[in-house]
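The values are calculated or read from the model by the stated rules, or taken from the named source; none is laboratory data. Owing to the predicted nature of the structure, the values given are computational and were not obtained by experimental measurement. As a convention, Cβ positions derive from the backbone with ideal geometry for all residues, glycine included, and neighbour counts pool all protein chains shown. Ligands, DNA and RNA are excluded from the accessible area calculation, which covers all protein heavy atoms including side chains. Shrake-Rupley method; radii C 1.70, N 1.55, O 1.52, S 1.80 Å.
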Amino acid sequence: MSIPKKYTAVLFDLDGTLVSNYTAIHHCLCACFEKFGVPKPDYDLVVRTVGGSILITIRKLLAYHNKEHLADEIGNMYIPLFPKYIFDGLAPMPYAEDFLRALKSQGLKLACFTNKQQDGAEKILQHLGLDKYLDAIIGTTLHSPRKPEKEFTDFALKTLGVSADETIGIGDSPYDYKAARVCGIDSALVATGGDSLEFLSAECPDKIGVFADFKDMAREIFGIEL
């Protein structure tokens, strides 16, 4: 691994990267599935399917029961119901706040760049006090552009007022990797979400590195000791 440049901006993913919100997602999905007579999904399976969007997650889970036709209806139920569960089990990922604080103290522009709904992302980051380190929170609506669509990454760069070659994208899934690389942004990954270090290493070949946590990443990429 070689670090090619000094970055001036970072696009952070949310779920599985900055925070663990899996319990809330699981609780809300269980409530929705029960309403439609679909067996409740297993927690570990939910963790492994989160990343692309809530509709992608729902479709993947419904596929186990041949119920994909219910995805839009369940998605439309999930969005207004999620605030009921949003803080269930919510926690920052290890070293997340220390990492954000250290980067901010060095003058970097920081954004949360997530497929989570805009309102939910804002509430989560505000609740954990992580929003104060961020220059922008960039989320989605149910059918808006999202990772890894180029339009969404272009919007994030424009929002921060930075170019691709001075930016690094940090996430925990191939969706995050592809969202960065589609615009020529360097990508670094943490194996703190649903995908293992081995899987991310194999699926994301053109990355800066895959790390066990932010402590290792901070040292290797930014020269920061957490």
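Among the residues making up the range 11-45, those that are in a loop (DSSP other than H, G, I, E, B) and either over 25 Å from A179 (Cα atoms) or among the charged types (D, E, K, R) (or both) are D13, F36, G37, V38, P39, K40, P41, D42. For the range 103-137, the set of residues classified as free of Cβ contacts under 8 Å to residues at least 40 places away in the same chain and over 24 Å from R219 (Cα atoms) consists of Q118, D119, G120, E122, Q126, A136, I137, listed by residue number. Looking across the range 170-195, the residues that are modelled with pLDDT of 95 or more and over 20 Å from F155 (Cβ atoms) come down to D172, P174, A188, L189, V190, A191, T192.
Yes/no matrix, rows are residues, columns are (1) farther than 30 Å from D165 by Cα; (2) at pLDDT 95 or above:
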{"position": "S53", "(1), (2)": "no, no"}
{"position": "K84", "(1), (2)": "yes, yes"}
{"position": "P94", "(1), (2)": "no, yes"}
{"position": "E97", "(1), (2)": "no, yes"}
{"position": "L103", "(1), (2)": "no, yes"}
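Restricted to the range 46-56, and to residues there that are more than 13 Å from the chain's Cα centre (by Cα) and open to solvent by less than 30 Å² (accessible area, probe 1.4 Å), the residue that is nearest to A71 (Cα to Cα) is L55. In this structure, I74 qualifies as farther than 27 Å from G129 by Cα and among the β-branched types (V, I, T).
For the range 24-38, a residue qualifies if it is over 14 Å from N76 (Cα atoms) and either in contact (Cβ under 8 Å) with a residue 40 or more places away in the chain or surrounded by 22 or more Cβ atoms within 10 Å (Cβ to Cβ) (or both), and the qualifying residues are A24, I25, H26, H27. Scan the range 88-95 and tell me whether some residue there is open to solvent by less than 50 Å² (accessible area, probe 1.4 Å), assigned to a strand (DSSP E or B) and farther than 16 Å from T114 by Cα. Among the residues of the range 88-95, at least one is open to solvent by less than 50 Å² (accessible area, probe 1.4 Å), assigned to a strand (DSSP E or B) and farther than 16 Å from T114 by Cα, which makes the answer yes.
Given the structure, is A102 within 18 Å of the chain's Cα centre (by Cα) and assigned to a helix (DSSP H, G or I)?
Judged against the criteria, A102 is not a match.
Criterion first (at pLDDT 95 or above and within 17 Å of the chain's Cα centre (by Cα)) does L90 satisfy it? For L90, the condition - at pLDDT 95 or above and within 17 Å of the chain's Cα centre (by Cα) - is met. Being in a helix (DSSP H, G or I), closer than 27 Å to G171 by Cα and of a type in the set (A, V, I, L, M, F, W, C) is the filter here; which residues of the range 50-70 pass it? Once the filter is applied, which keeps residues that are in a helix (DSSP H, G or I), closer than 27 Å to G171 by Cα and of a type in the set (A, V, I, L, M, F, W, C), the range 50-70 yields I54, L55, I56, I58, L61, L62, A63.
Of D154, D186, all but one fail to be more than 30 Å from D44 (Cβ to Cβ), open to solvent by 10 Å² or more (accessible area, probe 1.4 Å) and touching a Cys at 6+ places or on another chain (Cβ under 7 Å); the exception is D154.
When the range 189-225 is limited to residues that are open to solvent by 50 Å² or more (accessible area, probe 1.4 Å) and touching a residue at least 12 places away in the same chain (Cβ under 8 Å), the one that is farthest from the chain's Cα centre (by Cα) turns out to be E220.
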